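The structure appears below as C-alpha cells.
Each reported figure results from applying straightforward, stated rules to the coordinates on display, with no laboratory input. Please read all numbers here as calculations on a predicted model, not as lab measurements. Cβ coordinates were reconstructed from backbone atoms using ideal geometry, including for glycine residues, and neighbour counts include every protein chain displayed.
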Amino acid sequence: MIGKLFDKGLINYHQLIFEYQSKLELTSDEVVVLMQLLNLAQRKRYSLSTLTLARMTSLKTNVVGEIVNSLFEKDIISIQFERKTSNEKLKEVFDLKPLFAKILDFLEEDIERDKEIKSITDIEYVIRVLEKTFDKPLTPRYLEIVKQWFTDEYTKEEIDQAIETTKEHGRKSVNYVDKILRSETFAQETNIDEKTANFLRKLVGKW
C-alpha cells in the first residue's frame, strides 16, 4: 500500500523517514543516501550506482558503498541484478519494498497504540460516570464488565445511553446496564421511546 502511494506521489516520504529514523536505526548519513534513493525511485530510476549517489550526496564513493551495504543489511533496501537484453551487462538495481513494509508496520503499531490510549480514556470516563450514578466504587467484577464493553466494541455514546436508560428505570446495577446494552432492541434504536422502554423492562427483569 505504501509503495503504491509512493509511486503516485501521494506521500511525503521525507517526513516519514525523519519520523521513523530512530525505529529504522538509521544514521544521519544513511538518511541522506536513502533520501536520494527515494528521489531516484520517484523518477523510476532503479540503477544502483555509488558514483551517482556520491555526486548527489557529496559523500565519497567508498563511503556511499558502505552505506548502501548497511541499508541492505538492515533490510531497508533489497538489491538484485538484472539486464534488459542478453547482450547487456548485469547491473545492480535497488528496491524499496523492505522499507515500505517496515513503515507500514510502524504505522499500524501507531494506530493500535492510539486506539488503546483512547480506549483507556473512555473506560476511565465510563467508570467515573457509573460510580457517580450508583454513588459507590465499582467492584473488580464490574470493572471487568466495563472493560469487556469496549472489547466488544460498544462506543462511549452507546454506553452513556444505556446508563441513562438504567437511571430512568430507577436501577443501580452494572448488570442492568450490561443487559440493556446487549439487547437487540437497544442496538436497533437510537432513541428509546416509552414503548421500547416497557419492552426493555420486561426483557431485563428485576435485579
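For the stretch 34-112, the set of GluC sites (Glu not before Pro) satisfying both a DSSP loop assignment and a count of at most 11 other C-beta atoms within 10 Å is given as E88. Relative to the 2.2 N^0.38 Å rule of thumb, the stretch 6-81 has a C-alpha radius of gyration ratio of 1.05.
Students often get this wrong, so check it: of K23/K147; K132/K172; K118/K172; K118/K179; K44/K84, which have C-alpha atoms separated by over 22 Å? Walk me through the numbers before you get to the answer.
On the way: K23/K147 31 Å; K132/K172 11 Å; K118/K172 27 Å; K118/K179 24 Å; K44/K84 15 Å.
From K23/K147; K132/K172; K118/K172; K118/K179; K44/K84, over 22 Å: K23/K147; K118/K172; K118/K179.
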